[in-house]
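The structure appears below as structure tokens.
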Amino acid sequence: MGSTGSVLFDEADEEFAAWVRGFAAKYAGQYLERSKNTDFPWDYAAAMGVQGMLGLTVPDENGATSATKLQVGIAHEELAYANFHLAQCAYTGNITSSLLTRALAPEVAAEWVPEILAGQRIVAMGITEPGNGSDAQGMRTRAVKVDGGWRVTGEKTSITFAPHSQAMITISRTEDPATGRPGTTAFLVPLHQDQVQVLPFEEYLWRPFGRASVALNDVFVPDHLVLGEPGRGFAVITGPFDYARVMTCLMAAGMARRALDVTAGYVVERQSFGRPISSYQGVSFPIAENATRLEAGRWLAYHALSLADAGRPHRKEAAMAKWLLLDYSLQTIRDCVIAHGHLGVAEDYILQSLLRDTSGLEIGEGTPQIQKLIIARSILGRDAVG
Ligand SMILES: Cc1cc2nc3c(=O)[nH]c(=O)nc-3n(C[C@H](O)[C@H](O)[C@H](O)COP(=O)(O)OP(=O)(O)OC[C@H]3O[C@@H](n4cnc5c(N)ncnc54)[C@H](O)[C@@H]3O)c2cc1C
């Protein structure tokens with residue numbers, strides 16, 4: 001199944017897709033093996049850095065980016081089709097480099113961003129806390145203003161990349177030192193210091209990236225590492241959420257397309273009762289149904305990105321795509337497992353890795369319920385939904 005070939009993609013988009021596909025294809029054969037070990041893929045990050053794939057959304061001095069949001073979506077889908085680990089490196093690189101470029105003073109950003117773009121440095125995003133994930137506003141982490149900076153105390157948990165990151169973008173409750181008005185402030189917290197404890201999880205998915213709890217014990221963060229305006233941190237940190245949701249579901253779609261292609265090859269070869277199993281509608285119809293669902297979900301995702309490129313509201317469409325395309329992608333991979341019989345659950349076959357890695361995407365960037373909450377609020381109004 002080709003990923004593009006649509007009237008919604010113009011010639012430049014098709015060329016962009018072919019460029020990413022050509023790059024990613026070299027790594028397709030490594031995905032299964034890499035998904036079993038915990039070595040961070042610095043080699044992937046560096047290779048993508050050379051290609052400029054980690055800074056697709058970083059604006060140049062004129063505010064222009066090297067790719068449209070729609071093209072960044074294409075990149076995530078194509079990279080994940082070949083090897084999820086490439087896509088996940090691209091995801092974090094693009095989000096953190098663009099956020100830090102916009103939210104730090106230029107001379108401070110210059111100390112951090114070039115190494116992210118080169119794939120030599122990873123910055124984690126720490127928002128979830130032990131007591132609240134979906135309700136990010138319920139955070140308990142607090143920061144107190146002191147001379148020259150802030151002292152931050154709290155715990156963030158389930159933070160992807162934290163075991164390999166030099167720093168974490170995070171958010172805390174604060175009070176305006178002059179007025180006492182409550183607000184939230186976003187910080188870039190260097191992790192390699194005594195007041196920070198990174199406690200890695202035992203992983204069964206996304207192994208090369210790691211996840212961890214990060215305890216912040218009265219950590220001093222200098223004023224120049226405050227992101228955006230103090231007191232308005234929530235807006236800074238959640239700004240890229242809609243865009244991130246669409247990248248997440250397109251990564252899922254890439255992995256589901258790979259599962260479907262593997263399965264299409266398998267079912268025409270595998271025989272049962274003297275015939276290829278593709279001749280049974282119980283096998284061929286799920287392939288037809290899932291290919292159709294994926295196609296529909298993908299166009300919803302690209303529609304959301306085209307709205308974003310046009311500068312139009314797209315929160316509802318991004319949430320719709322995140323929920324629906326993730327659901328379709330997981331359904332596709334589960335049906336592919338069934339079509340493979342016992343092979344579908346083998347550790348040494350690609351489908352279980354695709355299933356695990358895709359299921360992680362369903363929770364990160366908000367669960368299906370949270371997407372439906374966003375959609376319902378945008379249709380019915382916040383007061384009506386709560
Ligand atoms: C693989 C993976 C990677 C992650 N990486 C990161 C990361 O890098 N950084 C980070 O900050 N976090 C990360 N997370 C955490 C993730 O963002 C949270 O798990 C997610 O937001 C859900 O929060 P929670 O786990 O606290 O669940 P809860 O918020 O406790 O929710 C539990 C259940 O209740 C449901 N629920 C909650 N509120 C409502 C409601 N109002 N209406 C209906 N249902 C509701 C949820 O949908 C869910 O099913 C990651 C998670 C995973 C699985």
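What FRET efficiency, computed as 1/(1 + (r/R0)^6) with R0 = 22 Å and r the Cβ-Cβ distance, is obtained for Arg312 and Glu14, rounded to the nearest 0.05?
Efficiency for this residue pair is about 0.40.
For the stretch 23-39 and the stretch 125-182, what is the separation of their Cα centres, given in Å?
34
Kindly flag which residue pairs out of Lys156/Lys372; Lys26/Lys156; Lys36/Lys316; Lys26/Lys316; Lys69/Lys156; Lys36/Lys69 have an alpha-carbon separation exceeding 27 Å in this structure.
Lys26/Lys156; Lys36/Lys316; Lys26/Lys316; Lys69/Lys156; Lys36/Lys69, as the Cα separations exceed 27 Å there.
Students often check this: by mean Cβ neighbours within 10 Å, which of 141-149, 171-179 ranks highest, and how do the rest follow?
The packing order, highest mean first, is 171-179, 141-149.
In whole Hz and in residue order, list the ³J(HN,Hα) couplings for the stretch 27-41 that follow from phi through the Karplus curve 6.51 cos²θ - 1.76 cosθ + 1.60, θ = phi - 60°; x for Gly and Pro.
9, 4, x, 8, 4, 4, 4, 5, 6, 8, 10, 9, 6, 5, x
Before anything else, pin down the relative contact order of the chain: Cα pairs under 8 Å, at least 6 apart, normalised by residue count, whole percent.
Taking the mean separation of contacting Cα pairs over the length of the chain, I get 16 percent.
When only alpha-carbon atoms count, how far does the chain stretch along each of its three principal axes, as whole angstroms with the largest first?
Extents along the principal axes: 79, 44, 40 Å.
Taking the Cα of Arg102, stepping 7 Å toward and past its beta carbon, and measuring to each backbone N in the stretch 204-247: which are under 13 Å?
228-229, 234-245
Could you work out the percent of alpha carbon pairs in the stretch 1-139 separated by over 25 Å, rounded to a whole number?
Here the long-distance tail beyond 25 Å is 35 percent of all Cα pairs in the stretch 1-139.
Mind checking which helices in the chain clear 15 Å along their axis (Cα) and have mean Kyte-Doolittle hydropathy of -1.0 or more, DSSP H runs only?
Those that pass (Cα extent of 15 Å or more, hydropathy at least -1.0) are 11-25, 69-82, 84-103, 106-117, 241-269, 281-309, 315-339, 350-363, 368-380.
On a C-alpha basis, how far is the centre of the stretch 340-386 from the centre of the stretch 255-308 in Å? Whole number, if you could?
18
Please list 120-127, 198-205 highest first by mean number of surrounding beta-carbon atoms within 10 Å per residue.
The most tightly packed comes first, giving 120-127, 198-205.
Percent relative contact order of the stretch 217-360, based on C-alpha pairs within less than 8 angstrom and at least six residues apart?
This gives 29 percent for the stretch 217-360.
Would you grab the residues whose amide H sits under 5 Å from the one on Ile171? Only those 5+ places off in sequence or on another chain, please, with H modelled 1.01 Å from N.
Phe187
Which order do peptides 278-289, 369-380 fall in by mean Cβ count within 10 Å, highest first?
Highest to lowest by the protection proxy: 369-380, 278-289.
Values quoted throughout were computed directly from the atomic coordinates according to the rules given, and no laboratory measurement underlies them. Fair warning: this is a prediction, and the values are worked out from it, not measured in the lab. Heads up, the Cβs are rebuilt from the backbone with ideal geometry, glycines too, and the neighbour counts pull from every protein chain shown.
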